[in-house]
Each structure stands twice: as structure tokens, then as C-alpha cells.
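*Asks:* Got a structure here, written out as C-alpha cells. Questions coming.
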Amino acid sequence: MDDVFLSTQSKIIYSPQPGPDLLDLPERLNEVPDWIQTPLRRFLRLKQRNWPSKNVRVYTQQYFNCLHKLIEFFIQGYEWSDWDQLSLRWLDDYIDTRLREKRAAATINWVLINFRGFCFFLIDEGYNVPRPMLRMKLLKTPHRLPRPLSQDHIYRLERCIRATIHNAKTDYQRQLVIRDLTCFYLLWHCGLRISEVCSLLVNDVDLSGGKLFIGDSKERKDRVVYMSKTTVETLRHHLDVRPDPDSAYLFPTRSGHLKRGGLWKRLRNYGRQCRVPVTAQRLRHTFASQMLAVGMPVPSLQRYLGHELMDTTMIYAEVSNPMLQQDYYRGITTLDPQSANLAYSSFQLEQLRQLIDELKTDDLEPLRQKEILEQMQDLLDNTE
């Protein structure tokens, strides 16, 4: 199965069978009073048109849950019965209540932002919503940086999953762990989102070209993602042993395909075994930080990760900034002469890791192997 990257026409042949209506609305919407339910139903329908089909159900549920909590708060606390009753004071009370419940500012803001969008929609539709509701103020949130895993944590997690493959007692258990290892490399070596991993189709894969086609991603954009040799080899192994070889999904399950919650739980279990606080998002953060650390330009990383805005990618530059690190070590040397070799050593350490990874490559030519060993010896000699 060297080349399973198929044409757009072939995708139609191998597309999964249609399930329930993707545009179904949550059953709990019927619990909302009719005068709110009617515009809310239309609001959600309009939102659904702009979401990737693979995420419609999840996004619909998230938006509804978010608005439903605020609606319940207004009805129970103020006997809300008409649009013109809305007041910014109600929102202030909602914020204070949630803060007392120790909810994060970002969580509260998510509710406020969605409700403000709903208010804009209502005014456009001719509902008598007080204009001040559009000027609701959001809470200030801390500027948090991504938390990539350390190199030690990554290697411990990798060894843990590989050891689980070796210790699997049944063929089915072994198939699942090989699948998990494949997902691990797609998250770490390719920087995919967990939703992108779970929704991959077989005809999105080009093994011979070492790339993946990511269709209709979070920003509604298609993109091509390249794979490391380790990822390609692990993915090839998965395709050889997966339990349903005829499934259109790359990671099939008995109920259709791998779900985000299922993969999240399995990653968490591996993390507990080797004491690594892993999540799919942290693996993506780790990939981005490591790529920047070895010199990948920010615009290239932005395109690779599928970020719509450069500012989103620049957050990773604050975590992994080789130039800032070098400048610090050069400066600190004047205060602490013992730190003189730190900048050089940290850079060389990363080079050594890359050379070691290349040495692990199967069928490495003897001449290249000799060159790598000489480079490693030079690096060690220069750090003494």
C-alpha cells in the first residue's frame, strides 16, 4: 500500500456512508421558551452553514450549551419574558456568580462573546434588544503561553507506547496501540489538531510522497502536511494491521471512526503510566516550539499549522526563541563566567539529538553514517 493518495473523484467512491442529519439541533432546544427558541433555532442554523461538516455536531452543541446556561440564568433570576427587558446589570450579576464559582475568565468571556453575537443577530432580525447589550465588556484574561513538553517527557511517552505494543496480549490490543503510536506521531511530528487526526481518510494519505491532505480544517482551509520518515513507517504499519482494512477512515472503530474523546483518554492513560502530563494540544505545542527552535520561519510554520493569523503562530515564538536565548547567555556571561558555554551547549545539544535520530534511520549508507559520527565527535570535542 505504497501510495494510497487518491484523486478527488476517488474520494466520492470511498466516502463514508451518510449518518444522521449533520444539521440536527440539540433536543434540549425544545426546553427553551418558544419566543426564544424560534430565533435561537435560526441563529444556530445560520452558524452551522459556516462550520466544517465534520465539526457541525460538536460546535452546535457547544454554542447551544453556552447560550442555554445564560438563558437559564436570566429566566430563573429575573423572570425574563421579553427581549426589551435585557440589561447589562444582568450580565454583571452573571459574571459575579460565575467568578464566585471559580470559573476562568476565558470561560466566562466565551459565553459573553457568543451572547453578544446572538444579540447582533436579534437586532438585525428586528427584535427589540436594548443597544447597550452590544457594548458588554469582557473580562481581562492572563496572557498564557503554550506549554510544550520537554524532550525527556516526549521520549518517555514514546518509549511507553512502544513498550505497550511489545507487551500486548492479543492481536486486537496490539492493533489499538499501533494506532495510538501512529496518532502520537501525527500529533508530535506533524503538529495536527486532534480533530484532524481523528477525521483522516485513507485517501488523504500519500505514503510515497510523505504527505497528508488536510481538508476543511478549523479555518475552513485545505492544506498539505508533510510527514517524517518515522511517521510514514508507523502509518504504513498501522494500515497493514488495522482491524477494518476496507474502511474509508484511516482510524476506523466499531462505531465509525476514532473520536476525539477516545484518543484523549488513551493519551492520558499513557501519560499516567510514564508520569507525563500529555494532551493532544501539548503535542502540537511541542511540535511548533521544536520547529521554531531549529530555525523554521514563522510564516512557514503558520501555513503548516493552518493558522489564519500570524499572531497565533507568534505565540510559539515567545516560548521558543533561539535568538533571545543566545542573547541572554551572551549577556549573562559577563555576570557569571561559568555560563560562558551555555548558549553554545544548548544549541549543540539540539544538533546532537538530530544526528542521533538520523543514525536510527534504517538502511543508512555507511558513508553517511561515518559523516554523522565525525560530526558528533566534533560537537563533543568543542563542548569540552
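The values are calculated or read from the model by the stated rules, or taken from the named source; none is laboratory data. Please read these numbers as outputs of a predicted model, since none were measured by experiment. All Cβ positions, glycine included, derive from the backbone under ideal geometry; neighbour counts span all protein chains shown.
*Asks:* Which count do you get for residues in the range 52-110 that are within 19 Å of R42 (Cβ to Cβ) and surrounded by 17 or more Cβ atoms within 10 Å (Cβ to Cβ)?
*Replies:* As a first pass, look at the range 52-110 and keep what is within 19 Å of R42 (Cβ to Cβ): 56-57, 59-68, 70-71, 82-83, 86.
Narrowing further to those that are surrounded by 17 or more Cβ atoms within 10 Å (Cβ to Cβ): 56-57, 60, 63-64, 66-68, 70-71, 83, 86.
The total comes to 12.
*Asks:* Would you say V129 is in contact with a helix residue (DSSP H, G or I) (Cβ under 8 Å, 6 or more places away or on another chain) and not assigned by TED's automatic domain parsing to the domain that holds D311?
*Replies:* On the way: in contact with a helix residue (DSSP H, G or I) (Cβ under 8 Å, 6 or more places away or on another chain): yes; not assigned by TED's automatic domain parsing to the domain that holds D311: yes.
When the stated conditions are applied, V129 passes them.
*Asks:* Kindly establish whether P243 is in a loop (DSSP other than H, G, I, E, B) and either of a type outside the set (F, W, Y) or outside the structural domain of W188 (by TED's automatic domain parsing) (or both). Working first, answer last.
*Replies:* On the way: in a loop (DSSP other than H, G, I, E, B): yes; either of a type outside the set (F, W, Y) or outside the structural domain of W188 (by TED's automatic domain parsing) (or both): yes.
It is true that P243 is in a loop (DSSP other than H, G, I, E, B) and either of a type outside the set (F, W, Y) or outside the structural domain of W188 (by TED's automatic domain parsing) (or both).
*Asks:* If you don't mind, another one. Counting just the residues of the range 260-276 that are of a type outside the set (D, E, K, R) and either without any contact (Cβ under 8 Å) to a residue 60 or more places away in the chain or more than 20 Å from H189 (Cβ to Cβ) (or both), which one comes out surrounded by the fewest Cβ atoms within 10 Å (Cβ to Cβ)?
*Replies:* G261
*Asks:* I've got another one for you. Does F213 meet the test of being crowded, with 17+ Cβ neighbours inside 10 Å, among the aromatic types (F, W, Y) and assigned to a strand (DSSP E or B)? Spell out how you get there, then give the answer.
*Replies:* Details: crowded, with 17+ Cβ neighbours inside 10 Å: yes; among the aromatic types (F, W, Y): yes; assigned to a strand (DSSP E or B): yes.
Spelling it out, F213 is indeed crowded, with 17+ Cβ neighbours inside 10 Å, among the aromatic types (F, W, Y) and assigned to a strand (DSSP E or B).
Condition check ((1) part of a helix (DSSP H, G or I); (2) touching an Asp or Glu at 6+ places or on another chain (Cβ under 6 Å); (3) at pLDDT below 65) across all residues:
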| position | (1), (2), (3) |
| --- | --- |
| M296 | no, no, no |
| Q302 | yes, no, no |
| D311 | yes, no, no |
| Y316 | yes, no, no |
| M323 | yes, no, yes |
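*Asks:* Continuing with the same structure: So for the range 166-178 (the condition being at pLDDT below 95 and either closer than 16 Å to V276 by Cβ or among the small types (G, A, S) (or both)), does at least one residue qualify?
*Replies:* There is at least one residue in the range 166-178 that is at pLDDT below 95 and either closer than 16 Å to V276 by Cβ or among the small types (G, A, S) (or both).
*Asks:* From the list V232, V225, which residue is within 22 Å of M296 (Cα to Cα), in the same structural domain as T286 (by TED's automatic domain parsing) and in contact with a Cys (Cβ under 6 Å, 6 or more places away or on another chain)? Lay out the reasoning, then the answer.
*Replies:* Details: V232 fails: in contact with a Cys (Cβ under 6 Å, 6 or more places away or on another chain).
One residue alone meets the criteria, V225.
*Asks:* Looking at R282 and the list (1) modelled with pLDDT under 95; (2) in contact with a helix residue (DSSP H, G or I) (Cβ under 7 Å, 6 or more places away or on another chain); (3) closer than 18 Å to E158 by Cβ, which single condition is not satisfied?
*Replies:* Among (1) modelled with pLDDT under 95; (2) in contact with a helix residue (DSSP H, G or I) (Cβ under 7 Å, 6 or more places away or on another chain); (3) closer than 18 Å to E158 by Cβ, R282 violates only (2).
*Asks:* Next question, about the same structure. Mind counting the residues in the range 279-304 that are out of contact with any Leu (no Cβ under 9 Å at 6 or more places or on another chain) and farther than 13 Å from P146 by Cα?
*Replies:* 9
*Asks:* Sticking with this structure for a sec: Within the range 24-66, how many residues are of a type in the set (F, W, Y) and either under 22 Å from E196 (Cα atoms) or touching a strand residue (DSSP E or B) at 6+ places or on another chain (Cβ under 6 Å) (or both)?
*Replies:* In the first step, residues of the range 24-66 are kept if they are of a type in the set (F, W, Y); the result is 35, 43, 51, 59, 63-64.
Next cut, either under 22 Å from E196 (Cα atoms) or touching a strand residue (DSSP E or B) at 6+ places or on another chain (Cβ under 6 Å) (or both) only: 51, 59, 63.
Qualifying residue count for the region: 3.
*Asks:* From the list L335, L342, L355, L367, pick out the single residue that is at pLDDT 70 or above and over 30 Å from the mean Cα position of the chain (by Cα).
*Replies:* Details: L335 fails: at pLDDT 70 or above; L342 fails: at pLDDT 70 or above; L355 fails: over 30 Å from the mean Cα position of the chain (by Cα).
One residue alone meets the criteria, L367.
*Asks:* In addition: Tally the residues that are surrounded by fewer than 21 Cβ atoms within 10 Å (Cβ to Cβ), among the hydrophobic types (A, V, I, L, M, F, W, C) and not in a helix (DSSP H, G or I), restricting the search to the range 142-193.
*Replies:* Here the count works out to 2.
*Asks:* Please indicate, with yes or no, whether at least one residue in the range 129-141 is within 26 Å of the chain's Cα centre (by Cα), in contact (Cβ under 8 Å) with a residue 40 or more places away in the chain and within 25 Å of Q37 (Cβ to Cβ). Write out each step before concluding.
*Replies:* In the first step, residues of the range 129-141 are kept if they are within 26 Å of the chain's Cα centre (by Cα); the result is 138-141.
Still in the list and also in contact (Cβ under 8 Å) with a residue 40 or more places away in the chain: 139.
Filter again for within 25 Å of Q37 (Cβ to Cβ), leaving none.
Scanning the range 129-141 turns up no residue that is within 26 Å of the chain's Cα centre (by Cα), in contact (Cβ under 8 Å) with a residue 40 or more places away in the chain and within 25 Å of Q37 (Cβ to Cβ).
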